[in-house]
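K.L.:
Let me begin by handing over the structure; questions about it come next.
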Amino acid sequence: MCGIIAAATEKSVGKLLVQGLYKMEYRGYDSAGVALHQIDDIAHLRSLGKVKKLESKMVKEKPKGKIGIAHTRWATHGKPSEENAHPHVSNNRVFIVHNGIIENYVALKEQLLKKGYKFNSQTDSELIAHQLDFFLNQGSEMLEAISLLKEKLEGAYAVAAIDLKNESHFYLMRNKSPLLLGQSDSGMFAASDPLALADLTNEFVFLEDGDVAEVSAKEYKILDKNQKRAIRKITTIDVSSEAMGKNGYRHFMEKEIYEQPTAILNTLDGRIGGEDVLENIFGEGSNKLLSKVERIQIVAAGTSLHAGRVAANWFSAIANLPTQIDYASEYRYKNPYVDKNTLLLTISQSGETADTLGALRYAKERDYLGSLTICNVPTSSLARESDFVLLTNAGPEIGVASTKAFTTQLTALMLLTLSLAKARKLNPRLRGRVVGALRALPEKITESLELKPKIIKIAKEIAKKDNALFLGRGIFYPIAQEGSLKLKEISYIHAEAYPAGELKHGPLALIDKNMPVIALAPENELAEKLISNLEEVKARGGKLFVVGNAAGNMKLKAKNLINLPECDFLLTPILYTVPLQILSYEVALLRGTDIDQPRNLAKSVTVE
Ligand code: F6R
């Protein structure tokens with residue numbers, strides 16, 4: 001989503017603000033802007049497009065200032081344009097940057113219009129600047145103004161603001177949208193993502209909902225939701241910008257695909273021992289909780305939801321547990337029935353997805369046994385607010401299309417499945433077998449990465465098409481869904497996924513020579529049925545591409561077949577994901593799209 005950064009130091013902060021924006025650009029990239037306090041005036045520069053454009057403007061205009069705020073945007077209210085880019089300004093005095101959504105903006109805007117304020121953008125954010133200006137004109141100091149503003153706003157927001165008449169401070173306000181302070185000897189900083197402050201500091205203070213703060217180069221003061229002075233804990237996080245480089249790869253997505261063997265090793269590290277999963281890997285007391293679980297409710301979005309769908313099969317097959325699974329954006333609005341001893345399981349790479357976080361907060365008010373999250377960002381709201389956490393430890397994922405986050409989520413979900421089975425005293429031999437297979441998995445993934453030359457040949461054919469169908473059966477249906485999501489989001493080819501048996505109930509009508517069909521065909525008990533489904537496609541002239549070794553008898557040309565290394569059947573969904581990721585990447589490369597920052601998308605969707 002959008003990214004916010006603010007800084008106060010003894011030197012000019014323009015450069016470090018832009019560097020911070022670059023590090024957050026993966027969160028939103030349709031426009032960017034900066035406001036720098038130059039004592040007599042505030043330099044205000046904005047540009048449509050990526051941070052590079054803003055940087056060129058800054059190189060030309062050379063603004064200087066020891067206090068500043070900056071923003072990279074992913075449009076919600078109002079199209080991407082220079083007027084809608086942040087910072088927004090009121091009366092050339094108050095400048096603000098905002099992440100989130102102000103839900104009561106129509107009513108507040110109306111009040112401000114009546115007071116004579118003119119709006120120059122279509123955003124819900126601009127009113128924040130005008131409302132602050134109004135309070136300042138009424139005689140408030142900025143800290144008081146921002147506290148009064150907080151009482152008026154409904155929705156999710158992280159805001160940073162500066163005032164022309166105050167050259168030594170910036171101001172912050174947070175509700176349901178991430179915002180943290182960074183402190184160092186050379187100055188004070190704030191950002192919506194600790195990565196933005198990599199190399200500036202490793203000491204962070206997380207603001208809480210309802211907090212406002214006044215920050216200078218030397219100190220900060222936080223007031224909590226009751227307007228009381230708050231002392232918040234300092235958290236040390238080592239964020240190095242090295243982890244944020246492409247390390248010789250063409251794109252972050254490519255790098256992240258190739259990091260998967262190491263990322264999976266990191267997910268497993270310290271969590272398995274001998275022939276079983278270790279105790280309490282989700283936190284002290286988690287085993288006791290797991291032994292009481294009778295049902296699981298999964299809530300997640302996008303790729304993380306696909307991981308949940310695979311896991312639901314595992315929970316049932318290995319731990320004898322039923323699972324209900326919902327889109328995070330739907331869950332709260334269906335008045336969910338909560339059965340006795342149900343565990344709420346959220347899955348999220350970022351840990352900041354507004355719908356998933358909203359679901360957790362909603363569930364905490366309901367009668368769940370407890371909440372557990374599988375998450376990649378240790379400092380995220382989801383990780384901090386859940387009762388128990390298993391971090392995937394995949395390292396920062398910058399490419400908007402999720403890759404290593406997905407395969408490590410699946411690995412973590414298998415650890416959860418084994419822990420549940422263990423807590424329920426089920427399947428000890430099977431657990432031992434799967435633990436062995438998990439140890440071998442990184443090596444299998446490395447082997448599957450070597451299939452790239454073959455996949456490139458297939459990519460050349462798919463890149464010419466406008467549509468694609470992905471087919472899988474059973475536990476491979478969510479993997480087919482994930483393959484289709486990857487292809488559409490980075491290559492803009494329309495793609496859909498079906499359980500192969502559903503084909504003849506409608507989608508078969510789409511099959512002709514222009515419709516590539518990518519089928520996942522592992523050697524399993526469904527293989528024969530799947531082959532029959534694929535024969536139906538062939539008979540209608542569809543162009544088949546098969547991933548897996550069950551299709552050897554289909555007389556497909558060798559170039560249309562991708563055979564994967566042998567692997568324990570229960571882990572094959574993880575392995576089969578890799579060629580699909582490479583396929584999407586190679587197709588997108590051929591089509592010349594913006595792979596790491598596909599159009600209209602953003603990493604970490606912090607609005608509902
Ligand atoms: C797709 C993708 C998204 C995310 C979704 C949830 O490649 O990355 O579908 O999976 O926005 O995000 P998290 O996992 O951060 O909650």
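The values are calculated or read from the model by the stated rules, or taken from the named source; none is laboratory data. Please read these numbers as outputs of a predicted model, since none were measured by experiment. Neighbour counts are summed over all protein chains in view; Cβ atoms, including those assigned to glycine, are modelled from backbone coordinates with ideal geometry. Heads up: the accessible areas ignore ligands, DNA and RNA and are worked out on the full protein's heavy atoms, side chains in. Shrake-Rupley method; radii C 1.70, N 1.55, O 1.52, S 1.80 Å.
K.L.:
Examine the stretch 498-514 for a residue that is within 16 Å of the ligand (Cβ to nearest atom) and either over 32 Å from the mean Cα position of the chain (by Cα) or not in a loop (DSSP other than H, G, I, E, B) (or both), and state whether such a residue exists. Step through it out loud before you land on a result.
P.N.:
Keep residues of the stretch 498-514 that are within 16 Å of the ligand (Cβ to nearest atom), which gives none.
No, the stretch 498-514 has no match at all.
K.L.:
Could I ask something else about it? Which fully enclosed strands (runs of 3 or more DSSP E) of the stretch 89-184 have 3 or more residues being open to solvent by 40 Å² or more (accessible area, probe 1.4 Å) and not assigned by TED's automatic domain parsing to the domain that holds residue 353?
P.N.:
Details: elements: 94-102, 155-163, 166-175, 180-184.
In the stretch 89-184, 166-175 are the strands (runs of 3 or more DSSP E) which contain 3 or more residues that are open to solvent by 40 Å² or more (accessible area, probe 1.4 Å) and not assigned by TED's automatic domain parsing to the domain that holds residue 353.
K.L.:
In the stretch 398-415, what residues are under 21 Å from residue 158 (Cβ atoms) and within 11 Å of the ligand (Cβ to nearest atom)?
P.N.:
To start, the set of residues in the stretch 398-415 that are under 21 Å from residue 158 (Cβ atoms) comprises 398, 400.
Selection gives 400 alone.
K.L.:
Next up: What is the number of the single condition among (1) within 28 Å of the chain's Cα centre (by Cα); (2) away from the ligand (no atom under 16 Å from the Cβ) that residue 425 does not meet?
P.N.:
With respect to (1) within 28 Å of the chain's Cα centre (by Cα); (2) away from the ligand (no atom under 16 Å from the Cβ), residue 425 is out only on (1).
K.L.:
Would you mind telling me which numbered condition in (1) open to solvent by less than 20 Å² (accessible area, probe 1.4 Å); (2) touching a helix residue (DSSP H, G or I) at 6+ places or on another chain (Cβ under 6 Å); (3) of a type outside the set (A, V, I, L, M); (4) away from the ligand (no atom under 16 Å from the Cβ) residue 567 fails?
P.N.:
The single condition residue 567 does not satisfy is (1).
K.L.:
I'd like the residue in the stretch 506-552 that is surrounded by fewer than 14 Cβ atoms within 10 Å (Cβ to Cβ) and among the hydrophobic types (A, V, I, L, M, F, W, C) and, out of all such residues, is nearest to residue 563 (Cα to Cα).
P.N.:
Top of the filtered list is 539.
K.L.:
Does residue 370 fit the bill of being assigned by TED's automatic domain parsing to the domain that holds residue 260, among the small types (Gly, Ala, Ser), touching an Asp or Glu at 6+ places or on another chain (Cβ under 7 Å) and more than 10 Å from the ligand (Cβ to nearest atom)? Even if it seems obvious, please write down each step before you answer.
P.N.:
Working: assigned by TED's automatic domain parsing to the domain that holds residue 260: yes; among the small types (Gly, Ala, Ser): yes; touching an Asp or Glu at 6+ places or on another chain (Cβ under 7 Å): yes; more than 10 Å from the ligand (Cβ to nearest atom): yes.
Yes.
K.L.:
What's the total number of residues in the stretch 35-72 that are part of a strand (DSSP E or B) and open to solvent by 70 Å² or more (accessible area, probe 1.4 Å)? Even if it seems obvious, please write down each step before you answer.
P.N.:
Going through the stretch 35-72, the residues part of a strand (DSSP E or B) turn out to be 35-37, 42-48, 67-72.
Adding the requirement that they be open to solvent by 70 Å² or more (accessible area, probe 1.4 Å) leaves 48.
The qualifying residues number 1.
K.L.:
Sticking with this one: Could you identify the single residue in 274, 270 that is at pLDDT below 95, over 20 Å from residue 378 (Cα atoms) and in the same structural domain as residue 382 (by TED's automatic domain parsing)? Outline the logic, then answer.
P.N.:
On the way: 270 fails: over 20 Å from residue 378 (Cα atoms).
Selected residue: 274, the only one of 274, 270 that is at pLDDT below 95, over 20 Å from residue 378 (Cα atoms) and in the same structural domain as residue 382 (by TED's automatic domain parsing).
K.L.:
Out of all the residues in the stretch 463-475, is one or more modelled with pLDDT of 95 or more, assigned to a helix (DSSP H, G or I) and touching a Leu at 6+ places or on another chain (Cβ under 9 Å)?
P.N.:
Checking the stretch 463-475: not a single residue is modelled with pLDDT of 95 or more, assigned to a helix (DSSP H, G or I) and touching a Leu at 6+ places or on another chain (Cβ under 9 Å).
K.L.:
Follow-up question, since we're still on this one. Check off (1) open to solvent by less than 40 Å² (accessible area, probe 1.4 Å); (2) away from the ligand (no atom under 16 Å from the Cβ); (3) under 29 Å from residue 568 (Cβ atoms); (4) of a type outside the set (Ser, Thr, Tyr) for residue 486 and give me the number that stays unchecked.
P.N.:
It is condition (2) that residue 486 fails.
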